[in-house]
Amino acid sequence: MKTTRSNQQATFIDEAKIAATLASARACDASQVREILAKAREMKGLAASDMATLMENNDPGLLEEMYATARHVKDEIYGNRLVLFAPLYISNLCHNECLYCAFRARNKELLRRTLTPEEIANETSILIEQGHKRVLLVSGESYPEEGFDYVLKAIETVYSTRSGRGEIRRINANVAPLSVEDYKRLKAAKIGTYQCFQETYHRGTYAAVHVAGTKRDFDWRVTCFDRAMQAGIDDVGIGVLFGLYDWKYEVLAMKQEIEHLEGAFGVGPHTISVPRIEPAVGSTLAYAPAHPVSDGDFKKIVALLRLAVPYTGIIMSTRENAATRRATFELGVSQISAGSRCDPGGYAASADGHNSEQFQLGDHRSLDEVVRDVAALGYTPSFCTACYRLGRTGADFMDLAKPGLIKHHCAPNALSSCMEYLLDYAKPETRKVGESLVARELETMEPSVQEIGRRLVTEVQEDKRDVYV
Ligand code: SAM
Ligand code: SF4
């Protein structure tokens with residue numbers, strides 16, 4: 001049956017059940033919290049009721065215990081890697097009226113831009129020359145005359161662009177929900193992860209903040225991953241826009257979506273994004289969100305997600321400032337953007353020429369500065385794209401990730417891709433900090449992985465590129 005808007009009805013988000021779970025978690029004691037944390041240490045995830053109990057805990061000592069547990073889980077599964085990427089905005093045309101977004105159709109303050117293939121290639125070259133290997137392609141929900149083919153051609157342009165010794169090796173895409181037929185075309189274009197944020201899982205709030213355009217259809221959006229999976233895209237990225245509605249509700253709703261995907265397709269989301277609303281030109285809502293999430297609650301959200309869905313990556317974007325980003329790395333973040341621009345043509349524009357931005361960024365540092373900072377903090381900046389290129393996606397990735405085996409592939413690949421960055425793109429100071437991190441990491445690796453790590457890093461030092469296991 002052809003997928004149409006009218007036959008997509010989502011029943012897996014159960015508002016009453018979420019409300020009941022939250023209500024029953026009101027009274028919790030220390031022993032209950034510690035019992036749940038002990039369960040979380042087993043890295044099998046948490047039930048919604050356990051998550052709700054942890055949400056209600058505000059005791060500083062117990063919170064510290066929760067953060068320590070999140071650090072443990074993150075370390076066991078992901079080690080100290082942080083995968084880097086940059087967003088690539090190709091167009092800010094949009095027919096929707098999302099009240100929080102500067103790209104909304106009726107916003108007259110925004111300069112509209114749709115990049116030509118040459119401009120897309122130029123932006124790509126700039127990112128390659130900075131040292132990026134992964135991009136997240138982003139667009140508003142209106143395409144030029146050619147329709148969705150515009151996005152597919154943009155993907156082709158990015159993959160075929162070369163600059164010096166570099167290229168983009170993985171493109172993830174954040175574009176509006178599609179039909180199964182169009183998802184099949186997106187898969188054929190060889191995207192990595194398909195990302196789409198529900199914004200809010202609360203129907204009433206969703207209706208209030210999406211006031212015109214096709215995005216008004218809650219069910220069409222919330223069922224987008226079902227169609228993506230039916231089309232064979234098994235790496236999907238979910239997210240909500242924190243600030244629109246109660247964060248506790250949203251986190252439990254995400255849990256319901258995850259359970260739905262696991263039940264229906266045998267695989268949950270590859271990543272979870274945790275954007276908070278940032279100020280956006282021409283949006284009153286973005287300057288004063290109805291349910292702002294404090295920095296303290298934001299940390300709680302990251303730690304909670306790490307414990308609840310240990311094998312799902314957590315993405316931290318440059319919406320957040322450097323200090324907030326740093327504070328969340330150890331709690332469970334596995335991917336970060338760096339050196340980002342959120343306006344089409346933003347990488348080529350002069351420093352003060354960004355009047356087409358989607359929202360205000362919080363971290364304005366260059367990729368090189370972020371790499372240096374991350375390495376100085378003891379994390380390995382990784383540019384690895386191996387899993388996707390070896391077909392380790394969806395359930396195959398989860399099978400590998402669940403027993404912790406991912407460490408054996410990811411740790412050596414992180415070091416070789418980091419070394420590639422250090423030799424080809426890093427400033428001298430960054431190279432120094434990075435090389436001593438790589439040496440330290442090799443030194444402390446388990447013997448079985450150490451040999452692989454040393455071999456890959458040596459190959460890069462001997463001038464080979466793109467080596468991975
Ligand atoms: N237009 C498509 C859509 O809405 O699905 C593609 C993605 S849109 C360009 C990327 C994401 O930016 C949205 O899903 C939303 O969560 C986020 N966003 C929009 N306005 C924002 C704001 N003011 N602050 C932070 N994130 C925002
Ligand atoms: Fe358009 Fe997406 Fe912005 Fe909504 S969030 S106005 S759909 S670009």
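The values are calculated or read from the model by the stated rules, or taken from the named source; none is laboratory data. All values derive from a computational prediction rather than experimental measurement. Here Cβ is always computed from backbone atoms with ideal geometry, including for glycine, and neighbour counts include all displayed protein chains.
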Task: Options E278, E330, E320; residue that is within 27 Å of K133 (Cβ to Cβ), among the acidic types (D, E) and out of contact with any Gly (no Cβ under 8 Å at 6 or more places or on another chain) - done: E330
Open item on the list: Considering only segment 422-432, I want to know if a residue exists there that is in contact (Cβ under 8 Å) with a residue 60 or more places away in the chain and not in a helix (DSSP H, G or I).
Closed with: yes
- [ ] State all residues of segment 159-208 that are more than 13 Å from Y388 (Cβ to Cβ) and of a type in the set (S, T, Y); if no residue qualifies, say none.
- [x] S160, T161, S163, S179, Y183, T200, Y201, T205, Y206
Open item on the list: Looking only at residues that are within 13 Å of P344 (Cβ to Cβ) and within 16 Å of ligand 2 (Cβ to nearest atom) in segment 120-150, which one is farthest from the chain's Cα centre (by Cα)?
Closed with: P144
TODO: Hey, can you tell me all the residues within segment 168-195 that are more than 14 Å from the chain's Cα centre (by Cα), of a type outside the set (D, E, K, R) and not in a loop (DSSP other than H, G, I, E, B)?
DONE: V180, Y183, L186, A188
- [ ] Would you check which residues across segment 273-297 are within 13 Å of ligand 1 (Cβ to nearest atom) and in a helix (DSSP H, G or I) and list them?
- [x] T284, L285, A286, Y287
- [ ] Search segment 172-222 for residues being of a type in the set (K, R) and closer than 30 Å to A290 by Cβ, and hand back the single one that is nearest to ligand 2 (Cβ to nearest atom).
- [x] K215
Task: Filter result (within 16 Å of ligand 1 (Cβ to nearest atom), acidic (D, E) and more than 30 Å from L82 (Cβ to Cβ)) within segment 102-141 - done: E109, E141
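Can you tell me which residue within segment 171-192, out of those that are surrounded by fewer than 20 Cβ atoms within 10 Å (Cβ to Cβ) and within 30 Å of I18 (Cα to Cα), is farthest from ligand 1 (Cβ to nearest atom)? Step through it out loud before you land on a result.
We begin by selecting, within segment 171-192, every residue surrounded by fewer than 20 Cβ atoms within 10 Å (Cβ to Cβ); these are 174, 179-181, 184-185, 187-190.
Cutting the leftovers down to within 30 Å of I18 (Cα to Cα) gives us 174, 179-180.
Working: N174: 5, S179: 15, V180: 17 Å.
Only one residue tops the list, namely V180.
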- [ ] Among the candidates R325, R372, single out the residue that is modelled with pLDDT of 95 or more and not assigned by TED's automatic domain parsing to the domain that holds N172.
- [x] R372
- [ ] State whether one or more residues within segment 160-170 are at pLDDT 95 or above, within 15 Å of ligand 1 (Cβ to nearest atom) and either touching a helix residue (DSSP H, G or I) at 6+ places or on another chain (Cβ under 6 Å) or among the polar types (S, T, N, Q) (or both).
- [x] no
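Residue-wise test of (1) more than 13 Å from ligand 1 (Cβ to nearest atom); (2) surrounded by fewer than 18 Cβ atoms within 10 Å (Cβ to Cβ).
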| site | (1), (2) |
| --- | --- |
| F225 | no, no |
| I233 | yes, no |
| H260 | yes, no |
| G263 | yes, yes |
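Looking for whichever is in a helix (DSSP H, G or I), in contact with a Lys or Arg (Cβ under 8 Å, 6 or more places away or on another chain) and under 19 Å from T271 (Cβ atoms) here; the options are R221, R227. Which one fits?
Numbers: R227 fails: in contact with a Lys or Arg (Cβ under 8 Å, 6 or more places away or on another chain).
After applying the criteria, what remains is R221.
Tell me yes or no: at least one residue of segment 286-295 is of a type in the set (D, E), away from ligand 2 (no atom under 16 Å from the Cβ) and within 22 Å of A86 (Cβ to Cβ). Reasoning before the result, please.
Quick first cut of segment 286-295, residues of a type in the set (D, E) only: 295.
If we keep only those that are away from ligand 2 (no atom under 16 Å from the Cβ) too, we end up with 295.
Okay, now just the ones that are also within 22 Å of A86 (Cβ to Cβ), so none.
Within segment 286-295, not a single residue is of a type in the set (D, E), away from ligand 2 (no atom under 16 Å from the Cβ) and within 22 Å of A86 (Cβ to Cβ).
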- [ ] Output the residues belonging to segment 193-218 that are buried (at least 16 other Cβ atoms within 10 Å of the Cβ) and either at pLDDT below 95 or closer than 20 Å to L252 by Cα (or both).
- [x] Q195, C196, F197, Q198, E199, T200, Y201, H202, T205, Y206, F218
